[in-house]
1. In square angstrom, rounded to the nearest 10, how much accessible surface does Arg100 have for a 1.4 Å probe?
2. Quick one: what do you get for the chain if you divide its Cα Rg by 2.2 N^0.38 Å?
3. Under the rule of -39500 (n - 2.57) per DSSP H run of 4 or more residues, summed and divided by the residues of the chain, what mean residue ellipticity at 222 nm is obtained, to the nearest 500 deg cm²/dmol?
4. Given contacts defined as C-alpha pairs under 8 Å and at least six residues apart, what's the relative contact order of the range 35-94, whole-number percent?
5. Compute, for His33, the solvent-accessible surface of its heavy atoms (probe 1.4 Å) with the complete set of protein chains present, and express it in square angstrom to the nearest 10.
6. For the range 8-141, report the accessible area per residue in Å² (1.4 Å probe, heavy atoms, rounded to an integer).
7. Which whole-number percentage describes the relative contact order of the range 8-124, with Cα contacts under 8 Å and a sequence gap of 6 or more?
8. Express in Å², to the nearest 10, the accessible area of Val27 obtained by rolling a 1.4 Å probe over the protein heavy atoms while all chains stay in place.
Amino acid sequence: MVDRISPEHRSWNMSRIRGKETKPEVVLRSLMHRAGFRYRLYDKKLPGTPDLILPKHNTAIFVNGCYWHRHEGCQKATTPKSNTTFWTKKFEETVERDVRKKSELIESGWRVIVIWECELETDPVGLVEGLSNQLEGGRDG
């Protein structure tokens, strides 16, 4: 399939993809704050620079986009039809890096939670309630 967008315009589109302050991150942060959790953002001292850090619970949270981080079984984890070799390699490297950074955090004594973009879209309140139960051992509110 031929790309309908010029290489210059495609490059411009790709340059607009953010790594921080994404909509899923902002939604999660808002819900976590309302649930009473306090957190820090993007601690560069930690492996992988987690999106949220809950120091009280020694927990690092990554909010992963299904497309870029290859959420297994998710409809959003598609592979482009053109230049598949490039994209497959890029996606594999991202997944390998995610596994490596998660392992480094766990070895350092951190609990690591990965939240997928599609989970936040489906049931964000239920997701945060589940996190709350996991972190606080069933605390209400």
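The values are calculated or read from the model by the stated rules, or taken from the named source; none is laboratory data. Every value quoted in this text rests on a predicted model; they were computed, and no experiment measured them. Because the Cβ atoms are built from the backbone with ideal geometry, glycine has one as well, and the counts that use them run over all protein chains shown. Accessible surface is based on the protein model in full, side chains and every heavy atom, while ligands, DNA and RNA are left aside. Shrake-Rupley method; radii C 1.70, N 1.55, O 1.52, S 1.80 Å.
1. Accessible area, nearest 10 Å²: 120 Å².
2. Numbers: Rg = 16.9 Å, N = 141, 2.2 N^0.38 = 14.4 Å.
For the chain, the normalised Cα radius of gyration comes out at 1.17.
3. Values: 6 runs with 68 residues, N = 141.
Counting only the DSSP helices, I get -14500 deg cm²/dmol.
4. On the way: 58 pairs, mean separation 11.1, N = 60.
Result for the range 35-94 is 18 percent.
5. Approximately 90 Å² of His33 is accessible to the 1.4 Å probe.
6. Here the residues of the range 8-141 average 63 Å² of exposed surface.
7. Working: 121 pairs, mean separation 31.5, N = 117.
Rounded, it is 27 percent for the range 8-124.
8. The value for Val27 is about 50 Å².
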